[in-house]
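Structure first, then comments.
The values are calculated or read from the model by the stated rules, or taken from the named source; none is laboratory data. Please read these numbers as outputs of a predicted model, since none were measured by experiment. No Cβ is skipped: glycine too gets one built from the backbone with ideal geometry, and neighbour counts run over all protein chains shown. To get the accessible areas, we keep the full protein, side chains included, count just its heavy atoms, and leave off ligands, DNA and RNA. Shrake-Rupley method; radii C 1.70, N 1.55, O 1.52, S 1.80 Å.
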Amino acid sequence: MYKISILLFASVLLFSSCDSTNKVQKTPVKEMTTNPLLEKWNTPFGVPPFDKIKSEDYLPALRQAITNHKKEISVILNTTEAPTFKNTIEALEVSGADLKKVTGVFFAIEAANTDAVLKETSKVIAPELTAHFDEIQLNADLFKRIKAVYNQRKLLKLSPEEQHLLNETYKNYIQAGVNVEGQNKERLKEINKRLSSLSNKFGTNLLDETNSFELHVTDKKDLGSLPESLIALAANESKKRGHESGWSFTLQRPSINPFLENSPNRAMREILFQGYAMRGNNDNDKDNKAIVSEMVSLRLEKAKLLGYKTWADKVLANRMAEKPQRVYDLMDQLWPSALEMAKKDRDGFAKMMKNEGINDVFRGSDWRYYVAKVRAERYNFNEDETRPYFEFNNVRDGAFNLANKLFGLSFKPLKNVPTWHKDQQVFEVLEGDTHIGVIYMDFFARESKRGGAWMNEIRMQSNVDGNYVTPIVTNNFNFPAPSGDKPSLLSFREAQTVFHEFGHGLHGLLSNVKYASMSGTNVPRDFVEFPSQVMENWMSEPQVLATYAKHYKTGEVIPTELIKKMNKANSFDEGFRTVEYMAATYLDLNWHTLTSTNKQDVNTFEKAAMDKIGLIKEILPRYRSTYYAHIFSGGYSAGYYSYLWSEVLDADTFNEFKKTGDIFNPQLAKKYRAMLAAGGSKSGMDLYKDFLGRAPRIEPLLIKKGFLEVK
């Protein structure tokens, strides 16, 4: 669950999750007589004309947009006027409009509804885009103009946002390597190209291996107490895969997790569990171990060329955390308590299993099954009781209602706008009669969509020279689709995901800045998850649940007693959730604090890293190295800790709302909105201090997780 930014193109290539398969030998190139991607979009609110765009349009449009951008950069370089903020810094900011337009659409659709042509386009264009932005950011003559303006900064009468843009532009060019010289600069370009290609290949391998796995079940008793809606989904999957009967389970979360929770067949649970855990690690043509090893080595080499000790030092220089040790310090505060809690739960589960007459070692594939048993026995809670109250449209409306309560927003369905898939929903976002933006929502899992949930920005808000551009954002999920007369009923965690990604969406929609590079979610990575995670606090509050958790058949509001049972049951297993997440965070940091460029044996390195923190064998890191898309085909390398860092902020923030006695406190909501509106026009810490008047406090998070008693 994360957001994808499409503005910083040199980085955005690493956010792409798909690559080409070897089956596609050549990408069709469409003649550039007309191309809907480059034409003016005469659509409602300027949304992309998805009904006119073909997969073959993207590559020629991207290449033409690169050519157009080069011409604009040439104008900036060759002007005879002395460098000024307007003709250099702002000119760079607004350049590349065609490229921003095309990549905003391409990277959104390539992640959510890919095909063979789009995969091949991604493979081909990734190194070309990398080379293009290297030409810009490593251009010494261009940097001379930037530096000339920067050296005058104290004499210029710039607004705070303009000053921040100047500072960030100067810093970004230095950190990109503009001062690296000679052969080292050429090597830097080679590394950048190679990293973009490896990242794409990692993502395609992962998608292909995930889609190829199947567990086919023929005996209904092996389904256990799986909800009827998910049984129907598995039956449909079985037919899609060519079986006349039975039920097929995949490695997509809506399929694997319910099976692990409900199936009494230990052997089948183990097959599915290992299928998930071994993705990219099967010594076949989709194996990612060599890619991981090479990417880690190249990142470190790049960091050293830029003057940093490690890749993590380079990445964190622009984050709230600033240094790797500060991240380790935060994690080390929570790890012992979380691990102890997980061990206690593990021992309890193992005892339950033995009491059932199973004289075998308790395994990771048993964990979710016994969590479900404990919730049923200790809390008298079965998730099937709550699913009818979390029909996906109702949950969506709950998120909309919360935005109305906090910020006065309303959401108008747009029925006649083009979409990239028939299942998409599109809404105009309004404040009174004022148009704020557009949000696309794509709820259901399919093979053309990568796993997980995410937000991206097709068009970012800006306001240069009085030209106010409103945002277009997307939310993307992988929920089970409706099947026959069975609606899409969500688990509590899936409902939580709707609010999480919608929080990212609001961050983009409520932006009100001058420059697109500072709008919405263009904030430090360890700040960006804060506005999404804080929404999760509201969604489980009884007065919020009452607005959307309604039985899909009767309209009955979820009963108070069921809410209490649900919240108590969901608070159980916090040890597991924290441990699996933090183990992945430690793994990320261990990879990216290496100081030697020697290539590592991936499995050996991972085992040593997990042994070092004492991870128990029954829990895997949330992402093992070979399917760790966040850090090897996403933008979170040396940054997966961001969720924990942001948890400190979101727990502290919601605690402030609760202390007022009104979780919708209008004065606090107004301050919170002002922080969202500021986007990335200030540092993360400055944004937070402007909001609450102080630095964040960790105590509310420790209390929330049960690691600290309330005094």
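Among the trypsin sites (Lys or Arg not before Pro) in the stretch 305-358, those placed in a DSSP loop whose Cβ has at most 15 other Cβ atoms within 10 Å are 309. Pairs with C-alpha atoms separated by more than 21 Å, drawn from the list 309/599; 123/599; 422/449; 171/514, are 123/599.
Size descriptors for the stretch 343-410: radius of gyration and Dmax over Cα atoms are 18.9, 58 Å. Please give the Cα centre distance for the stretch 141-187 versus the stretch 248-303, rounded to the nearest Å. That distance is 42 Å. By the helix-only formula, in which each DSSP H run with n ≥ 4 contributes -39500 (n - 2.57) and the sum is divided by residues, the chain has a 222 nm mean residue ellipticity of -17000 deg cm²/dmol. In a shell of Cβ-Cβ distance under 13 Å around residue 77, excluding residue 77 itself, what net charge do Lys and Arg (+1) and Asp and Glu (-1) give? Summing Lys and Arg as +1 and Asp and Glu as -1 gives 0. Projected onto their three principal axes, the Cα atoms of the stretch 216-319 cover extents of 60, 31, 24 Å, largest first. Here the label points at residue 241 and residue 560, each 7 Å from Cα along the C-beta direction, are separated by 4.6 nm in the simple model.
Among DSSP beta bridges whose residues both lie in the chain, state the antiparallel percentage, nearest 5. Looking only at bridges with both residues in the chain, the antiparallel portion is about 75 percent.
Rounded to the nearest 10 degrees, the inclination of helix 367-379 to the longest alpha-carbon principal axis of the chain is 60 degrees. Cross-link check: pairs 344/373; 147/193; 612/705; 70/185 evaluated at a Cα-Cα cut-off of 18 Å; pairs beyond the cut-off: 147/193; 612/705; 70/185. Per residue, the convex hull spanned by the Cα atoms of the stretch 67-214 measures out at 133 cubic angstrom. Inter-label distance, residue 404 to residue 139: 4.9 nm, where each label sits 7 Å from its Cα along the C-beta direction. Only Cα sites of the chain enter the Debye sum here, all with the same form factor; the resulting log10 I(q)/I(0) across q = 0.11, 0.12 1/Å is -1.26, -1.56, listed in q order.
The alpha-carbon of residue 304 sits under 18 angstrom from the alpha-carbons of these aspartates and glutamates, leaving out residues fewer than 8 places away in its chain: 134, 181, 186, 190, 294, 313, 322. Across the stretch 456-565, counting alpha-carbon atoms alone, Rg and Dmax equal 17.5, 56 Å.
Among residues other than residue 326 with Cβ under 12 Å from its Cβ, the summed charge is -3 (Lys and Arg +1, Asp and Glu -1).
Loop-located trypsin sites (Lys or Arg not before Pro) in the stretch 107-164 (DSSP state not H, G, I, E or B) with no more than 10 neighbouring Cβ atoms inside 10 Å: 154, 157.
Any chance you could give the angle, 0 to 90 degrees and rounded to 10, that helix 266-277 forms with the longest Cα principal axis of the chain? Result, in degrees: 10. Its alpha carbons give the stretch 398-481 an Rg and a Dmax of 14.2, 45 Å. Taking the C-alpha atoms only, the angle from helix 530-539 to the longest principal axis of the chain is near 30 degrees.
For the stretch 530-629, which trypsin sites (Lys or Arg not before Pro) pass both filters: DSSP loop (anything but H, G, I, E, B) and at most 10 other C-beta atoms within 10 Å?
Taking the stretch 530-629 and a limit of 10 other Cβ atoms within 10 Å, the loop trypsin sites (Lys or Arg not before Pro) found are 553.
Taking a sphere under 11 Å around the Cβ of residue 108 and counting the other residues whose Cβ falls inside, with K and R at +1 and D and E at -1, yields a net charge of -2.
Using a cut-off of under 20 Å, list every residue of the stretch 371-393 whose amide N is near the label point 7 Å from the Cα of residue 356 along the Cα-to-beta-carbon line. Output list for this probe position: 371-385.
Each of 363, 694, 387 has its accessible area taken with a 1.4 Å probe; listed largest first, they run 363, 694, 387. For the stretch 84-225, a simple Cβ point-charge model (Lys and Arg +1, Asp and Glu -1, everything else neutral) yields a dipole of about 740 debye relative to the Cα centre.
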